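Student: Sharing a structure here in structure tokens format.
The values are calculated or read from the model by the stated rules, or taken from the named source; none is laboratory data. Just so it is clear, the structure is predicted and the values come from calculations on it, not from any experiment. Backbone-built Cβ (ideal geometry, glycine too); neighbour counts: all protein chains shown. Heavy atoms of the whole protein, side chains included, go into the accessibility calculation; ligands, DNA and RNA do not. Shrake-Rupley method; radii C 1.70, N 1.55, O 1.52, S 1.80 Å.
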Amino acid sequence: PDAEYDALVRELEAIEREHPQLRVPGSPTQRVGAGVLPGFETVAHELPMLSLNNAFSDEEVAEFTGRISKELGEAEPAFSVEPKLDGLAISLRYEHGVFVRGATRGDGATGEDVTANLRTVRAIPLRLRGEAPAVLEVRGEVYMPRAGFEAYNARMRETGGKVLANPRNGAAGSLRQLDPRLAAARPLSFYAYGLGVTEGWALPPRHSQVLQALRGFGFPVSPEVAVARGTRGLLDYYAAIGARRDALPYDIDGVVYKLDDHGQQAAMGFVSRAPRWAIAHKFPAQEQLTTVEAIEVQVGRTGALTPVARLAPVQVAGVVVTNATLHNADQIARLDVRAGDTVIVRRAGDVIPEVVRVLPEKRPLDARGQPLHPPYEFPSVCPACGSHTEAVRKVLKSTKAGGIEYAEGAAIVCTGGLFCPAQRKQALVHFASRRAMDIEGLGERFIEALVDFGYVATVADLYAMTVPRFLEMKQRADERDGTVPETVKAGKVASKWAENLVAAIAASKDTTLERLLFALGIRDVGESTARTLARHFGALDPLLQADEATLVEVPDVGPVVAARIAGFFAEPHNREVVQALRAAGVRWPEGPPQRSAEGPLAGQTVVLTGALSAMSRDAAGDRLQALGAKVAGSVSKKTSFVVAGEAAGSKLEKAQALGVEVWDEARLLEFLNAHPPV
Ligand code: IVH
């Protein structure tokens with residue numbers, strides 16, 4: 001990590017000061033930045049690209065301003081104060097207003113020609129606005145915004161690609177891609193902060209005026225730049241930017257103070273590789289070294305298992321970090337992180353801390369020199385409930401609106417469903433929802449409390465809730481949350497809500513098999529599959545006994561869903577929940593199986609679209625299914641006919657394009673009337 005590097009360089013500088021004979025040309029104190037890679041043309045910087053000295057404390061800033069005030073004989077000269085972006089320094093050359101070449105800093109004297117890659121960065125103007133000088137070299141930082149970095153890594157994790165360690169490596173790596181198309185795929189941006197050589201331009205007397213002029217030419221300049229005076233003024237700026245660090249859309253590692261007046265800059269001059277008129281005041285590092293005490297797995301409310309590294313506590317960017325996400329099993333394998341390892345953790349913005357890299361040379365070894373701990377193995381059972389886990393390609397994700405939906409991505413999930421405490425709240429929300437058991441008034445807040453205070457472990461326990469238990473639960477929740485209602489303060493106990501809730505729970509006992517199957521929350525079993533299953537088997541017990549081979553025979557049920565259903569009912573916990581629901585008095589009509597292979601629409605696939613006026617689309621689908629049709633969600637060549645109601649859209653268009661038969665509502669009603677339900 002940077003902080004570690006900085007500390008070691010400082011230590012080395014101190015040693016070299018005391019023992020100058022130890023200072024060798026290859027010492028890290030003697031050079032600037034990384035070398036030139038083979039593959040790119042080299043560019044000699046006419047004006048060298050220097051680096052900045054660092055200040056890590058208020059005292060060091062005071063020394064810097066004190067030195068300048070003394071030498072200039074001015075108490076509080078003006079400074080341009082700027083965020084220090086954590087990216088890659090580059091120099092852009094414009095001739096008569098046209099971008100002709102861009103180069104990395106390299107060793108400060110020579111860099112790499114990365115023009116082709118820089119042309120793909122949209123923030124870099126290819127032509128200047130206004131009256132352009134004959135030659136203008138602009139220097140600044142290419143960086144990767146945090147959001148782009150996170151999105152890029154999320155995509156890599158899902159597709160098994162190589163993740164970027166941090167946005168700075170992302171920016172540097174992108175510019176060094178030999179194929180500009182690859183660079184173009186990375187989300188890079190740019191801020192200008194200075195100049196190289198210029199010809200045919202009257203240089204403004206102050207740096208802040210240069211930045212203003214650069215804006216005029218069309219360069220992005222950070223909106224955070226300002227002018228400040230005096231040690232106090234600089235430190236105030238440091239504190240103000242520091243307070244907003246996490247909210248900025250890009251990583252910064254400090255702020256830079258530059259004497260604003262060019263004449264004063266010249267008077268201060270340079271020392272070896274850095275100006276004496278500027279300094280970088282660093283923030284606490286976003287990356288730190290620490291050790292992994294253990295690797296554990298957390299179960300989210302959607303059942304996804306996320307591995308977490310428990311860390312020896314460490315300050316990262318001003319916050320004590322004790323946990324870091326390891327994302328998923330693939331990421332653990334990629335990192336090869338094990339208990340006892342020394343790792344780099346990174347915390348930036350409001351993103352959860354993550355393990356970036358393992359330091360293999362610090363791995364603890366046994367007496368025979370072998371690693372003390374074997375490679376980590378992902379648990380095959382859920383740590384919260386002991387059910388087996390499985391790999392899925394589609395994961396449930398929380399949406400911004402608070403709901404959940406399926407999204408592409410690899411994950412390992414717990415199959416415990418209703419039984420798993422980590423998934424219980426979500427399972428209860430689903431179970432009580434309108435299209436499932438339809439328990440009115442049982443909202444998320446009550447469900448939270450029911451689970452948190454241990455009133456319900458499984459959905460079946462809902463049926464044991466009574467008015468007094470609900471009142472007791474509410475009281476505990478109010479006490480915990482400090483939200484004691486006025487009525488209670490007045491010595492009254494409102495109980496009507498609890499009576500209503502108990503009545504709603506009781507009313508939900510009379511249900512249908514399809515509602516029950518949907519309510520159980522079996523992965524991939526939505527309302528339509530639940531309905532098909534209920535029809536096909538007619539009763540619960542034959543479904544509980546069905547193996548995968550039997551299940552695939554059900555129309556609409558493919559091998560994946562068949563495996564899910566069989567897997568769900570094979571879990572003893574899930575069977576127990578079903579038995580408990582029965583014991584609690586949940587009941588539904590059962591009848592003979594309705595195998596639709598026999599009806600007049602047997603073998604036909606129907607798609608319903610648009611609004612019907614005589615009945616709902618669901619009801620129409622039920623009738624058609626009862627007559628043997630398979631009801632599908634999308635139109636293909638295999639579709640037998642499409643029923644199009646009012647305002648039918650793309651599905652109707654597709655049917656017409658494919659030449660699939662289309663029925664209007666009148667034709668549907670005619671057909672249904674000719675085939676009344678038995
Ligand atoms: S001025 C002679 N201004 O920090 C002065 N540098 O450690 C040269 N950086 O190589 C640099 N933001 O990559 C300057 N507002 C800013 C900066 C900045 C980021 C980087 C740049 C430079 C390094 C110096």
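Student: Out of curiosity, is Gly160 surrounded by fewer than 14 Cβ atoms within 10 Å (Cβ to Cβ) and under 19 Å from the mean Cα position of the chain (by Cα)?
Tutor: In short, yes.
Student: Test Ala202 against the stated conditions and say whether it is surrounded by fewer than 20 Cβ atoms within 10 Å (Cβ to Cβ) and over 30 Å from Glu74 (Cα atoms).
Tutor: Judged against the criteria, Ala202 is not a match.
Student: Among the residues of region 538-553, is any touching a residue at least 60 places away in the same chain (Cβ under 8 Å) and surrounded by 14 or more Cβ atoms within 10 Å (Cβ to Cβ)?
Tutor: Taking every residue of region 538-553 in turn, none turns out to be touching a residue at least 60 places away in the same chain (Cβ under 8 Å) and surrounded by 14 or more Cβ atoms within 10 Å (Cβ to Cβ).
Student: Output the residue which, of all residues in region 80-117 that are in contact with a helix residue (DSSP H, G or I) (Cβ under 7 Å, 6 or more places away or on another chain), outside any strand (DSSP E or B) and away from the ligand (no atom under 11 Å from the Cβ), is modelled with the highest pLDDT.
Tutor: Among those that are in contact with a helix residue (DSSP H, G or I) (Cβ under 7 Å, 6 or more places away or on another chain), outside any strand (DSSP E or B) and away from the ligand (no atom under 11 Å from the Cβ), it is Val114.
Student: Test Gly591 against the stated conditions and say whether it is more than 41 Å from the chain's Cα centre (by Cα) and exposed (fewer than 14 other Cβ atoms within 10 Å of the Cβ).
Tutor: Yes: the conditions hold for Gly591.
Student: Next up: So which of Ala239, Ala247, Ala243, Ala192 ends up being surrounded by 13 or more Cβ atoms within 10 Å (Cβ to Cβ) and within 23 Å of His281 (Cα to Cα)?
Tutor: Ala192
Student: Would a scan of region 629-644 turn up a residue that is among the small types (Gly, Ala, Ser), in a strand (DSSP E or B) and touching a helix residue (DSSP H, G or I) at 6+ places or on another chain (Cβ under 6 Å)?
Tutor: Checking region 629-644: at least one residue is among the small types (Gly, Ala, Ser), in a strand (DSSP E or B) and touching a helix residue (DSSP H, G or I) at 6+ places or on another chain (Cβ under 6 Å).
Student: Quick one: count up the residues across region 179-222 that are part of a strand (DSSP E or B) and aliphatic (A, V, I, L, M).
Tutor: Residues that pass the stated criteria total 3.
Student: Next question. Going by the conditions given, is Ala123 modelled with pLDDT of 95 or more, under 24 Å from Leu188 (Cα atoms) and of a type outside the set (Lys, Arg)?
Tutor: No; evaluated as a whole, the condition is false for this residue.
Student: Could you please let me know if Ala432 is closer than 27 Å to Val392 by Cβ and at pLDDT 90 or above?
Tutor: The answer is yes for Ala432.
Student: Looking only at region 346-383, count every residue that is in contact with a Pro (Cβ under 8 Å, 6 or more places away or on another chain), buried (at least 16 other Cβ atoms within 10 Å of the Cβ) and part of a strand (DSSP E or B) and tell me the total.
Tutor: Residues flagged as in contact with a Pro (Cβ under 8 Å, 6 or more places away or on another chain), buried (at least 16 other Cβ atoms within 10 Å of the Cβ) and part of a strand (DSSP E or B) within region 346-383 amount to 1.
Student: In this structure, does Glu131 turn out to be among the acidic types (Asp, Glu), outside any strand (DSSP E or B), over 22 Å from Glu199 (Cα atoms) and away from the ligand (no atom under 16 Å from the Cβ)?
Tutor: Here the answer is no, as Glu131 does not meet what is asked.
Student: Next question. Taking region 209-225, which residues are more than 17 Å from Glu95 (Cα to Cα), more than 12 Å from the ligand (Cβ to nearest atom) and touching a residue at least 40 places away in the same chain (Cβ under 8 Å)?
Tutor: Once the filter is applied, which keeps residues that are more than 17 Å from Glu95 (Cα to Cα), more than 12 Å from the ligand (Cβ to nearest atom) and touching a residue at least 40 places away in the same chain (Cβ under 8 Å), region 209-225 yields only Pro220.
Student: The conditions are (1) open to solvent by 20 Å² or more (accessible area, probe 1.4 Å); (2) of a type in the set (A, V, I, L, M, F, W, C); (3) under 31 Å from the mean Cα position of the chain (by Cα), and Ala226 fails exactly one of them. Which is it?
Tutor: Single failed check for Ala226: (3).
Student: So which residues in region 56-77 are within 16 Å of the ligand (Cβ to nearest atom) and either crowded, with 19+ Cβ neighbours inside 10 Å or not in a loop (DSSP other than H, G, I, E, B) (or both), if there are any at all?
Tutor: Within region 56-77, Glu60, Val61, Phe64, Ile68 qualify.
Student: Go through region 229-264 and give me each residue that's part of a loop (DSSP other than H, G, I, E, B) and over 29 Å from the mean Cα position of the chain (by Cα).
Tutor: The one that is part of a loop (DSSP other than H, G, I, E, B) and over 29 Å from the mean Cα position of the chain (by Cα): Asp260.
Matching residues to (1) modelled with pLDDT of 95 or more; (2) farther than 26 Å from Glu74 by Cα; (3) surrounded by fewer than 20 Cβ atoms within 10 Å (Cβ to Cβ):
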{"site": "Ala213", "(1), (2), (3)": "yes, yes, yes"}
{"site": "Asp251", "(1), (2), (3)": "no, yes, no"}
{"site": "Leu259", "(1), (2), (3)": "yes, no, no"}
{"site": "His262", "(1), (2), (3)": "yes, no, yes"}
{"site": "Gly269", "(1), (2), (3)": "yes, no, yes"}
{"site": "Ala274", "(1), (2), (3)": "no, no, yes"}
{"site": "Ala278", "(1), (2), (3)": "yes, no, no"}
{"site": "Thr290", "(1), (2), (3)": "yes, yes, no"}
{"site": "Gly300", "(1), (2), (3)": "no, yes, yes"}
